[in-house]
Structure formats: structure tokens, C-alpha cells
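These notes are about the structure you will find just below.
The values are calculated or read from the model by the stated rules, or taken from the named source; none is laboratory data. Small disclaimer: the values here were computed from a predicted structure and weren't measured. Cβ placement follows ideal geometry from the backbone for every residue including glycine, while neighbour counts extend to all protein chains displayed. What goes into the accessible areas is simple: the full protein's heavy atoms, side chains included, and nothing from ligands, DNA or RNA. Shrake-Rupley method; radii C 1.70, N 1.55, O 1.52, S 1.80 Å.
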Amino acid sequence: MSIRNRALKFIAWSAVFGAASIIAVAAGIYLYLSPSLPSVDALRDVQLQIPLRVFAADGVLIGEFGEKKRDPVTYGEVPPDLINAILAAEDDRFLQHHGVDLTGLLRAAGELVSTGSIQSGGSTITMQVAKNYFLSTDRTFTRKFTEILLALRIERELSKEEILELYVNKIYLGNRAYGVGAAAQIYYGKPIGELNLAQLAMIAGLPKAPSSFNPLANPSRALARRNWILGRMLALGKIPRERYDEARSQPVTASYHGTVPGFDAPWAAEMVRTEMFERYGEEAYTSGFNVITTIYSKLQASADSAVLAGLTNYDDRHGYRKLEARLDLAGAPAGSPPLDDWRRSLSTTPTIAGREAAAVVAVADKQLTALRGNGETVVLGWKDGLGSIKPYLSVDSVGPTPASAKAVFTVGDVIRIMPAKNGWRLAQVPQAEAALVSLNPQDGAILAIVGGLDFAQSKFNRATQAKRQPGSAFKPFLYASALEHGFTTASIINDAPVVFEDKRMEATWRPVNSSGRFYGPTRLRKALYLSRNLVSIRLLRSVGIKNTIDYVKQFGFQEADLPRDLSLALGTLTISPMELVTAYAMLANGGYRVSPYLIKEIRDAQGDPIYFAQTRVACRQCEDDPLATGSQPAADADDAAITADAPAAPPTEDAAQRLQAPTALPAERVMDERVNYLITSMLKDVVTRGTATRAGALKRPDLGGKTGTTNGPTDAWFSGYTRSVVTTTWLGFDQNEFLGRREFGGSAALPIWIDYMKPALADQPIDDWPQPDGIATVRIDPETGLLAQPQQSDAILEIFRVENVPTEYAHPAGGGARSGSGRREDAVEEDLF
């Protein structure tokens, strides 16, 4: 045998031995790793981390909670151009190989030998799926071999389409976007199916290096990567030359969109987040729940606007306060502020309620120039707010308008500016706070909620968490208790001084009306719409504190919050706006107990409903139903359904698979319908001729409500309603500071209510309360409340429960009918406790 043959034989045997060794080692590794490999079946039921999304009732996004932004798509929803772009960029032999591409692996092995570390990895898309779903990102040989084994197994058990679907929904694409669906929304603000070829190629370039090829952070590198992918698609025959040229010529159009809510409802979104976390724990942020709320976007927008306008108007009435801060001029050349340092400081100062921080860099007589945080400067003229400011002196007084801007501002002052019609105007951040809650009184659905000036500044929800004294806004419930206990709208109570001696009190209590005057015998109706304090105190004493507390508890007032003394008549209990609006909802709906709710429906990541709100609905036609008295629901909820589109009770575990269309059950009556009708008629007088006459601007005869102002005054309230909408507004300071002696519920809180209710009721027909049986209308003497004499010229009409109609006639003055009392029947008295 020649030397040549012997050499060939040696090489052949060496190759066989080497191959056998490799096979043996591979087999050994396989036998070692195979038992620990996860099941591929898990991929079929994989639970992607999808954030919690909160929607308004009309489908507008309110908020999103969760670290990873993901919008899963099916394979059929992915455009073919994106599939081709991804394959061209990541794995152009994906459709030919069986999970492992030997060419890529040999290239990776060469890099390992030459550099001592794994560089490109030689991963196929299938291997990336194995790594992303099952493995860590450690660059080790064991992890790589496990990845290969998993890829081979995945290819045997899943189709190419299933593998690609898993891939496009899992990959990280920068800016907290996981998956191509989220990337399309974040970079382009569109669904993936609406993107053009250039945009799809840009997204396909992100998996390799989401930071380096990010079109927001590195647009030039992202453009180069996109064009390379387009070239690869052309070379592989996936697109024709014409499409390539057109796509390559397009500029980078990406900009950050995120998942910006369709409108601002942070208080509602946070309430949902809290409730979802209580229900599901950390899974609330990762399981892809979609929550549909009762909020309506148009009403919420009106609520936001009304609260901001109300606070701004209150703030403007009390003058321009001291500056927030003054930036340092030290070390700067004379007359040359350190603009770069100031810009950096301003850029980190948060914008509050649309008021942006700016620094004064120059001042003239009638104008000033201010630096913004982005480096731009703006000029404010005399008509841009400078000429209308009056300096704040105290809560009750302001100074005269300055003669020039130099009298108020100096270089370095930090001011607030806000966008105006023709540029910018001077502003300041209101220090007072306000809250608004609006419900559908028929079932308690929350239509809009605002918990303060700016959620970003303070997340404390004053609509639900702040406990304040409602003042005279509580009086309707006291008067309702009196009507229930035999008083009438025409009962006479003396509005006269009263002195209370109580050992528990540090001083003698001498309550007064806000005017400081007393008006003598007063009918109950008039006492309510003029909010007479002394009448309320005497009324409570006559009815009894215990009787009154037992009665008003039916409206949701907590007994522990109700003082057991005569100050209760002036609203000295503590209550949140949510609790007060809930009580007023029972006045608005005819006297039925409803509970406020925000979550209407919860759907899982697949869009299937898993929860419906359980509601009770005011229903006069259902009073013969045993459910109306608070008994347990019937076995078949459909039998007790009131309306097909009302929310239904949540399913039990046994019934989870047979969710039906939402239904609702009758609410329990907590108030006699005739008492309800009487108290509502009295509250309508508050609007037409009492402390809330400003609400007459809405020109609706079906409005009822009550103002409230607490001692100081420190709190301003208004609660008002129609049959379809009930709303409570509050304005005050978190630290219980005085609002000012000329600030009342009718001047501070009522304008907010009007600004909200005007659009809220714009499309609502006039819908007055039907008069129930057992009500009589008679002519009475306005001074005594007794039946009027025939032909009495000053007689007025009044309504009574039939059993309470007066039986005596008033005695005519001077032997004949009186021509009038000489008092103004419609004089407006502000309510102050």
C-alpha cells in the first residue's frame, strides 16, 4: 500500500472517528439536556404579558398600566411585506430549514474560535422563539445547545406560521414595545395593517438592536438599516424594483405615540387600576385585561374643563400671588443671564394644569421676555395678562393693577405661562382644589369624575378620599326627614335667635344666619330655598336627632360621621363628594337606593367578557317585585331583568362558561315617593328663586339642587340633578384655609356645576318628575301656611300629601283678605353655616 493510500486511509478513519466523537458528545449532551427541555405544548397556550387597558363606555382609551406595551396580532393580521422584511433581515432560509441553519452555526463557530466568544450566534427565528419564550439571554455553550434542541423540537410540533406568530408578538422593539403590533402604535400611531413598506422595513430592522437602530433615538442608523433590509428584499425577489425605489426614497416618519389615552381621565383610570389590583394582584398588569367603564368621554372632557375653569376663575378673583422662585444670577456677566443653566432648571420643572414654568430674561414697561425649558423665548405684552393682574394682598383683598411690568417682575423670576389664542399669556397655578362627580341616578353609573386640579401634581382623589363638611348641602335630607315625620312644605318655623348652653361645648352657642338677621315665622319651603339656619336647627330639634339620623342613614350617610347634636342641622358631618352625590342620586331617581360603580365590564386578553357589574336600577314599575324590598335575586336573572343593555351581575365560577347579555335588578325604595316629590319641588325652588338662581342660565324647569358653604367659609358645594344626571361639585383648600368672605357655594362651586351640566344636558329632553298619587294642590296663606281665604289676593299654591292638607283657614287681616305681606318672597339668602 502506497504512502498516499495509507495517508488517505488515516484521514478517512480520523474523520469517521471525529464525526463519531462529535455524534457521541452531541448524543451525550442531548441525553443530559433532553429531560429538562420544556414542553412545546406550552407555546400553544402561552400567556404574553399584556398591559391592563381601561376604556370609556364609548370605546375611547382612558389609561394603560403595565411595564410592557404589547398588542398581540395573529399571523393573518401581519402584512406579507413585514413577514418578508423580517425574513430578509433575520433568517432568509426560514422556510427551508428545520429550525437550525448549519451555515449560520458554522459562521458562529468560526467567530467563537477566532475571538473566543460567541458573536452573532447563528440563530434562526425558531431558535430565537426558543430563547425568548424558554431561555435566558446568557451567551453560553449550554444555553446555545439547549436552544438548538428546542428549535428542532418546535419545528416538529408547530407550523411555520405558528412560529412566526410567536416571534412577532414576543420580540422587543424598543420604547417598551413588545411585538410588532405595539411597535406600529408606538412609532407610527397606527395598526400594523395600515403601515407602508418603508415603515414595515423600519420595524423589521429593530429586533437586531432596538437601541442602535431606533428611529427615534438614532434616525440615521435606523434609515441605513431600513434601506439595507429593502435591498435584501429586492435581492431575494420579494419586492420589485419600483416598490424598492419608492420605499427607499421615503424619509423617516416615526415619532413617539405610545398609547396616549384618547382623553384625560386619570382619576377614573386610577380607580380602575386600584380595583383591578385588589381583584387580581400583579396579574392585573400582565394578563391583558380590558376594562370598560361607565365614563363617557364627552362628559369627562366637560368635567375636566369645568373644574379647571372654576379654579382659574376663583384664583383670578383673589389676585396675582408671589413668584414661585427666582433663578440665580451669580457668576453671570452683567445683563447676560446664564440661559443654559436656566433652561436646564426649567426643563425639569413640571408643567401643572397646562401652566408651564418660564424665566424672565428681560423686562420693559409694558412687556416682558421669558425663557422656556426648551430654549425658546416668548414675549408677553400688556394684553397677554400683564395689564390685568391685581396683586394678592389677602384672601379678602387685592391691590391695584401695577402701572408697568417693571413694578412686578425682575430678571430671574420664575413665572407661569400658558398657551393662548395668539401665542402665550401670563398665568399662575391655582392653590385651591376642586372635585366633581357625576352619576346616572337611575343605576349609580359614574359618568365623569375629577379629583383635583392636576393628577400629575397630586394623586389624592378629593372626589372619593376627601372628607369635608357639606354645610347646607345636607339640609335637603333633614327636611325630607321632617316631611316624613309629619311636617309639610307649609309648616311654620320661627326664624329667631336661639342660645344653647351645653357643658360639652367650650362656649355658649349662638347660631345665626349668614346675613346676621332673623326673619321671624317662615314656611318650610321658603326656609330651604333661602337656607335659613335657625329654621333648620329648630326643625331638627322638633323631629329629634335620633329620628333624623335613623332616617338619613338610608341615603348612605355613615352613622359614625353624623354628630349627635343640633349642629347636624348645619351640615357638620364629614363626607366625600362621592358619598354626597350618591345621596342626591336617591333624590333624583324617585327615592331608590343605588350604589356608584365605575367598572361596567371586564374582558380577557381574547376579548371575551369575564365580568359584568351587578347593578340595582330605580324602577317604579317593579315595586310589586319582591326584589324591590331587598330580597335575594331570583334563580334566573333574566326573569328580573329591567333593561337589556344594563350591566349584569358578575358570573359565579360555575356560571363562568354561560355568561349572558347584561341584565339589572330593581333597586330598593328607601324614600316615600310623595316625600321625594315634595323635597324635589322644594329644591327646584332653590334654583328658580333661592341660593342657586345662577343655574337658571340652563333654562330648564327640571333642575333641582342645593348650595352648601361651611363656616369660614372653607368649603363651597353644589349638588344638583335632573332625572338623568346628578352632579356634585366642591371647591376648597386641602389645608382648610379660608376661601374669602365673598365666596359661597353659589359663587365658587355652582359655576363649575353649570359649566359641566350645560353640555351634559344639551341633548337631554325636559323630563320632569311625575306627580305620584296622594298629592294635593291647594291655595294657602303665605304667612301662616293655612288655607287661604276665598278671593285672598296674596294666596299661593302649595302641594301636600293628602293626609297633611291644612284644615283651618287663615284669619283675614282687618276682617278681609290681605292684599300682600310686604315681604319679598324671592329674596336670595346665601347659605352659610
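List of remarks:
- Sorting 488-497, 519-528 by their mean Cβ neighbour count within 10 Å, with the most densely packed peptide first, gives 519-528, 488-497.
- In the full protein context, segment 426-503 carries 30 Å² of accessible surface per residue, based on a 1.4 Å probe and ignoring ligands, DNA and RNA.
- Average accessible area per residue (Å²) across segment 675-810 - probe 1.4 Å, nucleic acids and ligands excluded: 39
- Carbon/sulfur fraction of accessible area - segment 148-249, other protein chains in place, 1.4 Å, %: 48
- Inter-label distance, nm, simple model (7 Å from Cα along the C-beta direction), Phe738/Lys366: 3.9
- Cross-link pairs beyond the 22 Å C-alpha cut-off, checked among Lys190/Lys600; Lys131/Lys190; Lys170/Lys208: Lys190/Lys600; Lys131/Lys190
- Other residues whose C-beta falls under 13 angstrom from the C-beta of Val429 contribute a net charge of -2, scoring Lys and Arg +1 and Asp and Glu -1.
- Å² per residue, accessible surface of segment 267-377 at 1.4 Å: 49
- Theoretical FRET efficiency, 1/(1+(r/R0)^6), r = Cβ-Cβ of Asp328 and Asn711, R0 41 Å, to 0.05: 0.40
- Filter on Lys546/Lys684; Lys322/Lys383; Lys298/Lys390; Lys383/Lys758; Lys459/Lys684; Lys467/Lys553 - keep pairs with C-alpha separation over 25 Å: Lys546/Lys684; Lys298/Lys390; Lys383/Lys758; Lys459/Lys684
- Rounded to the nearest Hz, the phi-derived 3J(HN,Hα) couplings of segment 562-572 under the Karplus curve 6.51 cos²θ - 1.76 cosθ + 1.60 (θ = phi - 60°) are 9, x, 8, 8, 6, 5, 4, 4, 9, x, 8, where x marks glycine and proline.
- By accessible area, using a 1.4 Å probe on protein heavy atoms only, segment 433-480 has 49% of its surface on carbon and sulfur.
- Summary value for segment 716-806: 23 percent relative contact order, contacts being C-alpha pairs under 8 angstrom separated by 6+ residues.
- Charge tally for Ala209 (other residues, Cβ to Cβ under 11 Å; Lys, Arg +1; Asp, Glu -1): +3.
- Accessible-area composition of segment 745-803, carbon plus sulfur, in percent [1.4 Å probe]: 51
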